[in-house]
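These notes concern the structure reproduced below.
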């Protein structure tokens, strides 16, 4: 009996010859489809002074192609950026009513099958005046440190109760838009202040806020900061040089602050230094200065192991922020391991990716994108089942949050399911080839014919059986939408 005929009979009715290893080859798909915790996000604001809750219907609709604002492109999305603007609470504790409204938003996200990227801010409006920066003048309207720390303490139980529908948390709190720059209380490094840098006391106050937020955020989740130097100063102290060492693979994903701090660049490729993203903001004894080359190198190395996202903010840096060959937008996303971007801002930049021909690639490859290449399986087993899978992550980054990787055996006749968990950390499935090998005891499984499937469920039990929260492989004819399983299109006999 030929190998080809044996495989055909195996799939249809079971091959009766001596068990052998069969290699199955899979076809890659170019389809853009929703996957959890990656891709373009939809931005939303919730002002405490005029709270507008999230809509379940609208959130569910984002999983289908949707166009926002001035965008000339559609996106499918599982991520919602939620800016909770605490404008009513700059001098007082958060009210129970407002905390309840936040909880309701998380509940709505859970029902809709999406996850939130929360940021807490105090002011999202600027005002013009007689100041050096003209269009952004003080006082800015954020809150002092004692108020911020009190709010973080109030938010801690809310964040922990809703860890399952939080993708990652942005630092926020300090300054306009929560971007840690134009601030009344934490050191104004802008042209509006003669200081034009951050003093030691300013850094200590910022570190205290970040430490409090890391403590308030569920330990399995990452917190993103606006600039790489914020992480360096939190990890190594307020005197830390910009040459401080980035995260290493041995240090990654171990739950320490160093392993949990990622980045949100809200001026992606907007200028040579991304509007101060790669500046050294100094301290009491040193001046502010540009350190673009050094901090970009740090960012690129560190970001391999932490979440990176953000938004574009200015098209003045065209063609550098365009598609290749004139620009380097895609290469920047690869080098800096981008997991997500804002679909609504700045569309003057993003629309250039449409006309330049790289938008479809960006939509597919933000974050992870797993392509199954081959699988090697036995035709029949009695005691031990060994499978060898070859995959490739063609995306810009690995998954940010831990989740199980499961082999599913589903009985062809009675549809009973048996689950085996691979010994692997999906967060270490970096861009490039991935080998997944598992050996499992099947001695207790009833004899019969079984389909093989691969499952990447959410790590939280409340979402583990929700297909919307499971990872889909980028292959033709593998996705099972009703279960969230990926079919390996192979059957084995358990004797």
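Table for the structure above
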quantity	calculated
Nearest-ten-degree value, helix 96-112 long axis tilted from longest Cα axis of the chain	30
Stretch gain in nm, segment residue 249-residue 125, where the contour uses 0.36 nm per residue and the Cα spacing is subtracted	40.6 nm
Beta bridges by DSSP in the stretch 39-365, antiparallel share as percent, to the nearest 5	15
Relative packing of peptides 429-437, 448-456, 391-399 - highest average C-beta neighbours within 10 Å first	391-399, 448-456, 429-437
Ranked by how many other beta carbons lie within 10 Å on average, peptides 56-68, 117-129 from highest	117-129, 56-68
Angle in degrees between helix 145-161 and the longest Cα principal axis of the chain, rounded to the nearest 10	20
Sites residue 153 and residue 20 - FRET efficiency at Förster radius 56 Å, r taken between beta-carbons, to 0.05	0.35
Shape of the stretch 39-365, Cα gyration tensor, a/c cut at 1.5	rounded
Stretchable slack from residue 425 to residue 462, in nm (0.36 nm times residue separation minus alpha-carbon distance)	11.3 nm
Sequence-separation-based contact order of the chain, relative, with Cα cut under 8 Å and 6+ spacing, percent	15
Cα centroid separation, the stretch 265-289 to the stretch 155-194 (Å)	17
Estimated FRET transfer efficiency when R0 is 22 angstrom, pair residue 443-residue 411 (beta carbons, to 0.05)	0.85
The stretch 311-367 versus the stretch 370-447: alpha-carbon centroid distance in Å	34
With Cα atoms, 0 to 90° folded angle of helix 3-12 axis to the chain main axis	80
Virtual spin-label span in nm between residue 294 and residue 239, 7 Å along Cα→Cβ	1.6
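Read-outs throughout are calculated quantities, based only on the coordinates presented, and are distinct from any laboratory measurement. These figures come from a predicted structure and were not determined experimentally. A quick note on method: Cβ atoms are made from the backbone with ideal geometry, for glycine too, and the neighbour counts reach across all protein chains shown.
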